[in-house]
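Here the structure comes first, spelled out in structure tokens, and everything after it is commentary.
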Amino acid sequence: MKGKDLLSIADLTSDDVHRILRNAIDLKRQNKKDALSGKTLALIFEKPSLRTKVSFDVAMFQLGGHSVYLSQQEIGLGSREPVADIARTLSRYVNIIAARTFSHTTLELLAKYATIPVINALSDWEHPCQALADILTIYEKKGKLEGITVAFIGDGNNVSNSLLLACALTGAKFHMASPKGYEVPESIINKGNHLSEGKARISLTEYPEEACKAADVLYTDVWTSMGQEVEAHKRRRDFTGYQVNDKLLSIAAKDAIVMHPLPAHYGEEITEGLVESPQSVIFDQAENRLHIQKALLIELLGTS
């Protein structure tokens, strides 16, 4: 994938995903200290971040490269300066861009005008880096991906979109429970079926108990994402009954693991007790952002 962009999980093939996972596991065991020596990553962030910013920054440092952080206040993406001009300018300075944006369209513009790879570090439509770290974590804990049942309880958002596509590419079953009006978009479901060549096992329901039955993975995310704060009260009301808690865990497989991309709103989508339970792998999941992003950076820059 040297020189290519990663805006969506759909930009990858099944072979790509499995190769990236293998490389991430290798990097986790033994870091390649000089793999990105002399390379520079531009981090463009319209939204604040903990895991995404730190994991990309540390990944470049540990691989011998360098990162430059550019906040919205510094560059005014699309306001102070056109996205196209920023993309073309950065292409003369750095080797790769990771952008965290409100709109997926902004990422597409960056990729259109940049002559270097662009990574989606989160948009309103997808979060591919998170999904890759998620399936790496599932593989580490379960020893396989094909046939594993992932139950996602909550909003049909960027995280669920990318996770559905990642499951489709790796043969995992994807069960989702969400209230009416908050489902995964039909276009994502269709894309999942296409990626899996019609073999995707996707199940959608309004009933969390139905989605969680015998599931190997219980996954949830915040009910209100950044940029949706005005909807917070309505969303809390609409998502009543969709909390991942001990009751839902008791319906899942006995050795089910609990996942959340963080940050969590304790007492809303998940109980604090479940985050701290022995079945929680949430902080292993967070750590794996670092290892997946190392593998991605090496993959897109074509170094070894």
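The values are calculated or read from the model by the stated rules, or taken from the named source; none is laboratory data. Predicted, not measured: the structure shown is a model, and the values here were computed from it. All Cβ positions, even for glycine, are placed from backbone atoms using ideal geometry, and neighbour counts span all protein chains on display.
Just a few scattered comments:
- Residues of segment 156-177 satisfying the condition of being among the hydroxyl-bearing types (Ser, Thr, Tyr) and either farther than 20 Å from Ala214 by Cβ or crowded, with 24+ Cβ neighbours inside 10 Å (or both): Ser160, Ser162
- Condition check for Ala24: in contact (Cβ under 8 Å) with a residue 40 or more places away in the chain, more than 15 Å from Leu122 (Cα to Cα), of a type in the set (Gly, Ala, Ser) and not in a helix (DSSP H, G or I): no
Listed here are the residues, each with its yes/no results for (1) over 22 Å from His260 (Cα atoms); (2) in contact with a strand residue (DSSP E or B) (Cβ under 7 Å, 6 or more places away or on another chain); (3) loosely packed, with under 15 Cβ neighbours inside 10 Å.
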{"position": "Arg19", "(1), (2), (3)": "yes, no, no"}
{"position": "Leu36", "(1), (2), (3)": "yes, no, no"}
{"position": "Leu50", "(1), (2), (3)": "no, no, yes"}
{"position": "Phe56", "(1), (2), (3)": "no, yes, no"}
{"position": "Ala59", "(1), (2), (3)": "no, no, no"}
{"position": "Gln62", "(1), (2), (3)": "yes, no, no"}
{"position": "Gly65", "(1), (2), (3)": "yes, yes, no"}
{"position": "Glu74", "(1), (2), (3)": "yes, no, yes"}
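- The C-beta contact set for segment 166-186 (first residue closer than 25 Å to Ser14 by Cα, second residue in a helix (DSSP H, G or I) and of a type in the set (Ser, Thr, Tyr), distance under 6 angstrom, 6+ apart or interchain) comprises Leu169/Ser14; Val184/Ser160.
- Applying the set (1) touching a His at 6+ places or on another chain (Cβ under 6 Å); (2) under 23 Å from Cys129 (Cα atoms) to Lys142 leaves exactly one unmet item: (1).
- Listed by first and then second residue, the pairs linking a residue in segment 269-296 that is part of a helix (DSSP H, G or I) to a residue that is among the charged types (D, E, K, R), with Cβ atoms under 7 Å apart and 6 or more places separating them unless they lie on different chains, are Leu274/Asp246; Gln285/Asp134; Ala286/Arg51; Arg289/Arg51; His291/Lys28.
- Matching entry among Asp246, Asp216, Asp221 (being in contact with a Pro (Cβ under 8 Å, 6 or more places away or on another chain), outside the structural domain of Ser37 (by TED's automatic domain parsing) and either surrounded by 21 or more Cβ atoms within 10 Å (Cβ to Cβ) or modelled with pLDDT of 95 or more (or both)): Asp221
- The residues of segment 179-205 that are surrounded by 15 or more Cβ atoms within 10 Å (Cβ to Cβ) and either assigned to a loop (DSSP other than H, G, I, E, B) or of a type in the set (Lys, Arg) (or both), listed by number, are Pro179, Tyr182, Glu183, Val184, Lys191, Ser196, Ala200, Arg201.
- Of everything in segment 124-155 that is surrounded by fewer than 24 Cβ atoms within 10 Å (Cβ to Cβ) and in contact with a Lys or Arg (Cβ under 6 Å, 6 or more places away or on another chain), the residue that is nearest to Leu218 (Cα to Cα) is Thr149.
- Answer from Ser71, Ser55 - the residue that is hydroxyl-bearing (Ser, Thr, Tyr) and out of contact with any Leu (no Cβ under 8 Å at 6 or more places or on another chain): Ser71
- Single match in Asp15, Asp34 (criterion: charged (D, E, K, R) and not in a helix (DSSP H, G or I)): Asp34
- Evaluation of Leu164 against (1) modelled with pLDDT of 95 or more; (2) out of contact with any Gly (no Cβ under 7 Å at 6 or more places or on another chain); (3) within 21 Å of Ala256 (Cα to Cα); (4) not β-branched (Val, Ile, Thr) (one fails), failing number: (2)
- Filtering segment 224-243 to residues that are surrounded by fewer than 17 Cβ atoms within 10 Å (Cβ to Cβ) and outside any loop (DSSP other than H, G, I, E, B) leaves Glu229, Val230, Glu231, Ala232, His233, Lys234, Arg236, Arg237.
- Scope segment 1-44; condition modelled with pLDDT under 95 and closer than 25 Å to Gly78 by Cα; matching residues: Gly3
- A search for C-beta distances below 8 Å between a residue of segment 50-64 that is within 13 Å of Ala286 (Cβ to Cβ) and any residue that is at pLDDT 95 or above and part of a helix (DSSP H, G or I), counting only pairs 6+ apart in sequence or on different chains, returns Arg51/Ala286; Arg51/Arg289; Thr52/Cys129; Thr52/Arg289; Ser55/Arg289; Ser55/Leu290; Ser55/Gln293; Val58/Leu290.
- Every residue from segment 196-211 that is within 19 Å of Glu186 (Cβ to Cβ) and not charged (D, E, K, R): Ser196, Gly198, Ala200, Ile202, Ser203, Leu204, Thr205, Ala211
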